[in-house]
Amino acid sequence: MDSNQYVIGEQLSLFQDKDMLLNGGSLELKRLNLDEAKKEFQRYRDLYRDGGNVDSKLKITEFLIKGFSNAPSAGPDEPVYLYGLWYSFEDYVKSIGFESENIISEIKNSLFQKVLDAIDRCNLNDAPYLSGNIPMGYVYMQAGKYNLAVESLQSCILTTQDNAAIYGYLGDAHILRGGDPTVARKCYLEACLINPAHMDWDHVKDKELRKLRDQLIKTFDMDISLAAEWLPSYAYIQGLFKPKAIRLKEELKRFVDEYLALRKAYLKEPTSDLEAKLFIRAIILCHNEIFMKLVKGINFIDIRRQMKEMNPSLFARYMKHIESRNRQKE
């Protein structure tokens, strides 16, 4: 073997050692073995001055070391603190421009496992909420425990039925566990009927709904909150949402009373958000028209006339959708 081959072999060995050092530190960071990760990154930085994103990795390692050092001792505040640490960490990595999705994802998995361990130590597994009104089901969802997330979020709904965020998270959990998207979209529709602004739209797991919201913002120059208000009506016409079926007389009466209260408010002071709220509720009322003989106060000619006045183009699309659906039933 000539001298050039020795040099090449030596260089390859150095590169291998270099990669092993950096990869070893990254592996320890993903596992949250932070002291070991810091040592590896510092050794790499001392030996090699040509990047490898080591400075950013050192920064986030030190951020996490400090974060864990401030964690409360074992008790009900521990899982809440660790939960909050993840979101502080998420903001921090954005602020320094760290973009390694693989490392961030693995850190999240390891951190939320620590949250679950803390919950287990505190015997809080069956609690619907952590302190600070953090839904346990959302914690399970972030930890990748989707079946547990669905079960826990459903139990939250039993005690807090008018919580849009919970319905939104329940829809997300159904999507993430690979279930029928129709079930998830029923949850999203319920969330929209309660208060679409309270849904975490930036993280909604239904890509088609997120795409539709973005289209509403761009096409109709809507702000984020108004796009969320109009989204369920457009989603229905596009076939993403199915109308809410209402069968119980008391539920029908509550829904009609809500519609009439919104219409009264709209007649007093017409606003775009009230138009959106009335439009989707009008769609639902029309869908349940056959059952409305059980409830007084509704005139479907007036309902459709008002829909046409509030949004003529969308009403025209709605009527075409109804005609197409009726033809398919024949």
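The values are calculated or read from the model by the stated rules, or taken from the named source; none is laboratory data. Just so it is clear, the model here is predicted, and its values are computed rather than measured. Please note: Cβ atoms are built from the backbone with ideal geometry, for glycine as well, and neighbour counts cover all protein chains shown. Keep in mind that these areas ignore ligands, DNA and RNA; they rest on the heavy atoms of the full protein, side chains included. Shrake-Rupley method; radii C 1.70, N 1.55, O 1.52, S 1.80 Å.
Restricting to the stretch 158-170, give me the number of residues that are open to solvent by 20 Å² or more (accessible area, probe 1.4 Å) and either assigned to a helix (DSSP H, G or I) or of a type in the set (Val, Ile, Thr) (or both).
Of the residues in the stretch 158-170, 6 are open to solvent by 20 Å² or more (accessible area, probe 1.4 Å) and either assigned to a helix (DSSP H, G or I) or of a type in the set (Val, Ile, Thr) (or both).
Can you name every residue in the stretch 69-87 that is out of contact with any helix residue (DSSP H, G or I) (no Cβ under 7 Å at 6 or more places or on another chain) and either open to solvent by 60 Å² or more (accessible area, probe 1.4 Å) or part of a helix (DSSP H, G or I) (or both)? Outline the logic, then answer.
Residues of the stretch 69-87 that are out of contact with any helix residue (DSSP H, G or I) (no Cβ under 7 Å at 6 or more places or on another chain), as a first pass: 69-70, 73, 75-77, 80-81, 84, 87.
The answer is 69, 70, 73, 76, 77, 80, 81, 84, 87.
Go through (1) of a type in the set (Gly, Ala, Ser); (2) more than 14 Å from the chain's Cα centre (by Cα); (3) closer than 23 Å to residue 246 by Cβ and name the single condition residue 178 misses.
Only one criterion is unmet by residue 178, namely (3).
Restricting to the stretch 292-330, count the residues that are hydroxyl-bearing (Ser, Thr, Tyr) and either open to solvent by 50 Å² or more (accessible area, probe 1.4 Å) or modelled with pLDDT of 95 or more (or both). Talk me through it step by step, then tell me what you get.
Of the residues in the stretch 292-330, the ones hydroxyl-bearing (Ser, Thr, Tyr) are 313, 318, 324.
Among the residues that remain, those that are also either open to solvent by 50 Å² or more (accessible area, probe 1.4 Å) or modelled with pLDDT of 95 or more (or both) are: 313, 318.
Result for the stretch 292-330: 2.
Here is a check on your reading of the model: is residue 22 at pLDDT below 95, on the phi < 0 side of the Ramachandran plot, touching a helix residue (DSSP H, G or I) at 6+ places or on another chain (Cβ under 9 Å) and assigned to a helix (DSSP H, G or I)?
It is true that residue 22 is at pLDDT below 95, on the phi < 0 side of the Ramachandran plot, touching a helix residue (DSSP H, G or I) at 6+ places or on another chain (Cβ under 9 Å) and assigned to a helix (DSSP H, G or I).
Considering only the stretch 123-161, state which residues are of a type in the set (S, T, N, Q) and more than 14 Å from residue 84 (Cα to Cα).
Hits for the stretch 123-161 are 123, 125, 147, 152, 154, 155, 159, 160, 161.
Any idea which residue in the stretch 43-56 is most open to solvent (accessible area, probe 1.4 Å), counting only those that are assigned to a helix (DSSP H, G or I) and either touching a Phe, Trp or Tyr at 6+ places or on another chain (Cβ under 9 Å) or within 14 Å of residue 107 (Cβ to Cβ) (or both)?
Per the stated criteria, the residue is 55.
Has the stretch 28-42 got at least one residue that is without any contact (Cβ under 8 Å) to a residue 40 or more places away in the chain, closer than 24 Å to residue 138 by Cα, open to solvent by 80 Å² or more (accessible area, probe 1.4 Å) and acidic (Asp, Glu)?
no
Is there any pair linking a residue in the stretch 70-82 that is free of Cβ contacts under 8 Å to residues at least 12 places away in the same chain to one that is open to solvent by 50 Å² or more (accessible area, probe 1.4 Å), with Cβ under 6 Å and at least six apart or on different chains, and which?
72/81
Filter the stretch 301-318 down to the residues that are within 19 Å of residue 265 (Cα to Cα) and of a type outside the set (S, T, N, Q) and list them by number.
Within the stretch 301-318, 302, 303, 304, 305, 307, 308, 309, 310 qualify.
Would you kindly identify the helices (runs of 4 or more DSSP H) lying entirely within the stretch 171-274 that contain at least 3 residues that are free of Cβ contacts under 8 Å to residues at least 60 places away in the same chain, surrounded by fewer than 13 Cβ atoms within 10 Å (Cβ to Cβ) and not aliphatic (A, V, I, L, M)?
Counting at least 3 such residues, we get 207-219, 249-268.
So in the stretch 118-155, with the set limited to residues that are charged (D, E, K, R) and over 15 Å from residue 171 (Cα atoms), which one is surrounded by the most Cβ atoms within 10 Å (Cβ to Cβ)?
121
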